[in-house]
Amino acid sequence: MAHKTSAMVEAGILAAIAIVFALISTYVPVLGMLVNFIWCLPIILCGMRNGLRWSIMTLAVSGAVISILISPLNALLLVAVFGPLGLVLGECMRRKLPPIKLMAISSVAAFASLMISVGITFVVLGADPISMFFGMFDDALADIIGIYKQQGLSEEQIQAATASAQDSFKLIRLVLPASFVISAPILAFLNYWVARLILNKLGEHFEAFPPFTSLSLPRWLVAPYLVSLVLVFMFEGQQTGMPYLLGVNLQMLCSFILVMQGLAVIFWYIKDKNLPTWWGKIAVALIFISELVCRYVIFVGAFDLFMDFRKIRTNSHK
């Protein structure tokens, strides 16, 4: 009885925190965007400490209150996007699953949640949510053009700037499927990392991930990357065709994976040579700033699959 009362109190407190998170994500511009990514954290904590039944109750209560305080659509999307991830991740942590298995299961849950949210938006609003999303980009571009004109830029400068923005939007539209796949494990890892920090403070202990510098992916991953390069090169003039779309999305997925492999090599080299640790942070920052550096890291990762710079590969990775 005491345990039930304690679980009920914790569930109520965590539901209140989830409601506060929803209010912040709706009414506080910058902070709200960050809080939105960890909205399911109270659900995870409740599931880990009290079990799946209580985490479901926390999710249901918070969703009901959010629908009253903000809007039913907002509550529905929050519950659809982050609810399944919170329930699955909380249960995985309660069972103390190994980190790799936990990440695999929770990443699948996160991807399913994203797909469910797209479907709900389509059904509820009766419109394509992807088109609505890029419509916001078009509206923002029109506003930017107005700002450029107010600043006195010439027509040539405005056309160059808008052409660059349109190319970026076009690329984002093309790689949207791969973006969903990549964002799922990132979302799962972010919530697991924050939940683990909090639960460690409460006396819980979880198995640590293997060192990042020991990351060693299978060599066959180079094959789909090469296939993607061939598809993009051969069908570059048919950017609306399925072969090109398949190639550009496959290239993005493989590039993301090979960047992780390349960064593992770079961080291993920094540690092995006793170099300053901030070199690694600079390497990560340059990946987002310079396309040339990003390609170099991809090549480092691809070559490491065969050259084994760190001498850590086993037959299981070949």
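The values are calculated or read from the model by the stated rules, or taken from the named source; none is laboratory data. Keep in mind that this is a model prediction, so the values were computed, not measured. Heads up, the Cβs are rebuilt from the backbone with ideal geometry, glycines too, and the neighbour counts pull from every protein chain shown. Accessible surface is based on the protein model in full, side chains and every heavy atom, while ligands, DNA and RNA are left aside. Shrake-Rupley method; radii C 1.70, N 1.55, O 1.52, S 1.80 Å.
The figures follow:
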| item | result |
| --- | --- |
| Number of positions in region 89-102 that are open to solvent by less than 30 Å² (accessible area, probe 1.4 Å) and either more than 15 Å from residue 41 (Cα to Cα) or among the small types (Gly, Ala, Ser) (or both) | 3 |
| Region 112-128, residues that are over 26 Å from residue 19 (Cβ atoms) and in contact with a Ser or Thr (Cβ under 9 Å, 6 or more places away or on another chain) | 127, 128 |
| Every pair of residues 6+ apart whose Cβ atoms lie under 8 Å, when the first sits in region 269-296 and is under 25 Å from residue 312 (Cβ atoms) while the second is outside any helix (DSSP H, G or I) | 269/275; 269/309; 270/276; 270/277 |
| Condition check for residue 201: open to solvent by 90 Å² or more (accessible area, probe 1.4 Å), at pLDDT 85 or above and at negative phi | yes |
| Helices (runs of 4 or more DSSP H) contained entirely in region 1-113, each with at least 3 residues that are touching a residue at least 40 places away in the same chain (Cβ under 8 Å) and of a type outside the set (Lys, Arg) | 2-27, 41-50, 52-69, 72-94 |
| Residue list for region 1-21, filter: open to solvent by less than 60 Å² (accessible area, probe 1.4 Å) and modelled with pLDDT of 90 or more | 14, 15, 16, 18, 19, 21 |
| Positions within region 180-215 being within 21 Å of the chain's Cα centre (by Cα) and in a loop (DSSP other than H, G, I, E, B), in sequence order | 208, 209, 210, 211, 215 |
